[in-house]
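The values are calculated or read from the model by the stated rules, or taken from the named source; none is laboratory data. As the structure is a computational prediction, the values presented were derived from the model and not from experiment. Cβ placement follows ideal geometry from the backbone for every residue including glycine, while neighbour counts extend to all protein chains displayed.
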Amino acid sequence: MASGPQLNTEAPDFTLPGGVLTGETFERSDYRLSAARGRSVVLAFYPGDNTSVCTKQLCSYSSGMEAFEGLDADVWGISPQGVDSHESFARAFGLRMPLLADEGREIAKAYGVSAPGIGVRRAVFLVGPDGVLRWKHVALLGATFQSLDTLTNHLSGIKDA
């Protein structure tokens, strides 16, 4: 299994298509990690739209968006499904973060979370405002996810550093 980027090194840059639900509109655009400099970014890799654990995870992060905003952080969900799938997932659950389509799993591979059979491991990477990887958690089985509290605690450490 690829190890992915090491802590305290620059996070691999990427551009992926995606979209975010704002009110009734699903706004599609390309998301480039390096364009987010100046803010922390939570990269939440998840195996699939509309699956039970992924839904719980992303709903939890979506309901905590104000906590992330207060720490100058953006949250991006990344999975192998296409943008159309992401739009229906976001609409079904009122998800408020951008969902990015890594259909070829190149970004999952770059981050060491592509897995044979299951596709993508559930993983979270916290990228600081300087583009440096500050914290990561990669699940082996993926039945659990990192809580909002865990992420905001790590982010507040980044913001205070």
Does residue 5 meet the test of being at pLDDT 95 or above, outside any helix (DSSP H, G or I), more than 15 Å from residue 97 (Cβ to Cβ) and of a type outside the set (Lys, Arg)?
-> no
Answer residue from the stretch 121-132, given it is touching a Ser or Thr at 6+ places or on another chain (Cβ under 7 Å) and closer than 21 Å to residue 57 by Cα and is surrounded by the fewest Cβ atoms within 10 Å (Cβ to Cβ) among those | 126
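Going by the conditions given, is residue 14 farther than 20 Å from residue 73 by Cα and at pLDDT 95 or above?
Details: farther than 20 Å from residue 73 by Cα: no; at pLDDT 95 or above: yes.
Judged against the criteria, residue 14 is not a match.
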Scanning for something among the β-branched types (Val, Ile, Thr) and touching a Gly at 6+ places or on another chain (Cβ under 6 Å), does the stretch 77-92 turn up at least one residue?
-> yes
Tally the residues that are among the acidic types (Asp, Glu), in a loop (DSSP other than H, G, I, E, B) and without any contact (Cβ under 8 Å) to a residue 12 or more places away in the chain, restricting the search to the stretch 121-151.
-> 0
